[in-house]
1. In terms of the Cα gyration tensor, with a ≥ b ≥ c the square roots of its eigenvalues, is region 9-80 rounded because a/c is under 1.5, prolate because a/b exceeds b/c, or oblate?
2. With angles folded into 0 to 90 degrees, how steeply does helix 138-150 sit against the dominant principal axis of the chain? Use alpha carbons for both and round to 10.
3. By how many degrees, between 0 and 90 and to the nearest 10, does the Cα long axis of helix 59-80 differ from the longest principal axis of the chain?
4. Please say if region 122-164 is rounded, prolate or oblate, where rounded means a/c under 1.5 for a ≥ b ≥ c the square roots of the C-alpha gyration tensor eigenvalues, and otherwise the choice is prolate for a/b larger than b/c and oblate otherwise?
5. Quick check on the exposure proxy: order THR144, THR117, THR176 from fewest to most C-beta atoms within 10 angstrom.
6. Can you give the net charge of the other residues whose Cβ lies under 13 Å from the Cβ of LYS127, counting K and R as +1 and D and E as -1?
7. Rounded if a/c is under 1.5, else prolate if a/b is larger than b/c, else oblate: which is region 60-179, with a ≥ b ≥ c the root eigenvalues of its Cα gyration tensor?
Amino acid sequence: MSRIGKMPITIPKGVKVELNNNNIKISGERGILERNFHPDMQVKIEEDKIFVSRPSENKFHRSLHGLSRTLISNMVEGVSSGFEKILEIRGVGYRAALEGGKMVIQIGYSHPIEVDTPKGIEFEVEKQKIIKIKGIDKQLVGETAAKIRLLRKPEPYKGKGIRYVDEVVRRKVGKTGAK
């Protein structure tokens, strides 16, 4: 049995869960998330807890079991507390700013780069160097952060670029250190 899949998900106060066949709709104070699951996965709601079970020990069903439980858990956590990724910009003259509904980033190219705000995502910029990406959908928050990081990945010689706050960039020795 899947260790993750067999754990129940507790439903916090203020979160409502609606279950229709293989469609689950979770609403909370931050918003509403809805997702379709594989019809073989059995989802039950009992006494403020959600249980996910599988019909057999088939390899395919085992792979879906933990995944389905984790996706539902992330939905419950997202509508109750939300998710956040923090990016840091390092480099001389590198900066970010919010202008209207867009984020404008200057990261060493000849032109500033404009990033549109996806639906369900909020940007915050602190001191022109820290970008906070917030939202209720964990997948969308992570994907948006990864796309912004790809605009200028941290380079290994001076460490300039966009990185996650807790990311460690392995530095290389330059030409003078090769003697």
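Computed from the coordinates by the stated procedures, all read-outs in this text should not be read as laboratory data. Bear in mind that the values here come from a model prediction, so they are computed numbers and not experimental data. Neighbour counts run over all protein chains shown; Cβ positions are idealised from the backbone, glycine included.
1. Values: a/c = 2.11, a/b = 1.97, b/c = 1.07.
Taking the square roots of the gyration eigenvalues as a ≥ b ≥ c, region 9-80 is prolate.
2. Computed tilt is about 20 degrees.
3. Tilt relative to the chain: about 70 degrees.
4. Values: a/c = 3.48, a/b = 1.58, b/c = 2.20.
Verdict is oblate for region 122-164.
5. Numbers: THR144 22, THR117 15, THR176 6.
By the 10 Å Cβ count, ascending, the order reads THR176, THR117, THR144.
6. Values: positive: ARG90, ARG95, LYS129, LYS132; negative: GLU88, GLU124, GLU126.
Local charge sum for LYS127: +1.
7. On the way: a/c = 2.88, a/b = 1.46, b/c = 1.97.
Because a/c hits 1.5 or more and a/b fails to exceed b/c, region 60-179 counts as oblate.
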